[in-house]
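First the structure, in the form of structure tokens, and then the observations on it.
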Amino acid sequence: MQLMDKTTTSIVADLKLGNEEALRTLYNQYNGLLVAFAKYTIRNPLLAEDFVQDAFCSLWENRFKLNADQPIQGYLYKLVHSRCVDYLRKTNSKNKYNLQTELKLKELALTQAPFEDVIVSGICAEETHTIIQKTIQALPEQTREIFQLSRYEQLKNLEIAERMGVSVKTVEYHVGKALQEFRKALKDFL
């Protein structure tokens, strides 16, 4: 029987025994989803890939502690999640006045437990991504544009206000409104 045909439980059991092919199998299975999750969280593709690599290194180094009956996907997401949060906290401490980082940390705090529940219950990250994309598309035009400038282009509220010719308070309102819509859309996961 080839390793690719084994169940996740037996793959984790093989990993605990030091089987590098088991690690490769898990890497091939989860790398894409983990990188997408990290990119969404920190908005830095290179660091996202580094964090996922680091998570797999940690998995290998701590393989003896694994429980083959526990979901490996949730464990991997927790490893990546903790690296993303650490990075955002360090970024925030270097730049205390970076409102965007503060908002992202608050957003992660709100979604951490529900997201772990999503993983444990077997709902794929791709489904969450689809809900997020639909929610973004359903936002009013100005709210969507401000949210995308904030999250995708990582502009500060002042920069967005200047670019769009609105006040900083207006930007804050629209970012808050967008986050409120995400909470509604993801209410089944909260």
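The values are calculated or read from the model by the stated rules, or taken from the named source; none is laboratory data. The model shown is predicted, which means the values in this text are computed figures rather than measured ones. Cβ atoms come from the backbone with ideal geometry, glycine included; neighbour counts cover every protein chain shown.
No other residue among VAL85, VAL80 is part of a helix (DSSP H, G or I), hydrophobic (A, V, I, L, M, F, W, C), modelled with pLDDT under 90 and over 20 Å from THR7 (Cβ atoms) apart from VAL85. Kindly indicate whether VAL171 is surrounded by 15 or more Cβ atoms within 10 Å (Cβ to Cβ), at pLDDT below 90 and part of a helix (DSSP H, G or I). It is false that VAL171 is surrounded by 15 or more Cβ atoms within 10 Å (Cβ to Cβ), at pLDDT below 90 and part of a helix (DSSP H, G or I). Take the range 13-30 and flag every residue that is assigned to a helix (DSSP H, G or I), of a type outside the set (D, E, K, R) and within 14 Å of SER58 (Cα to Cα). Hits for the range 13-30 are LEU15, LEU23, LEU26, TYR27.
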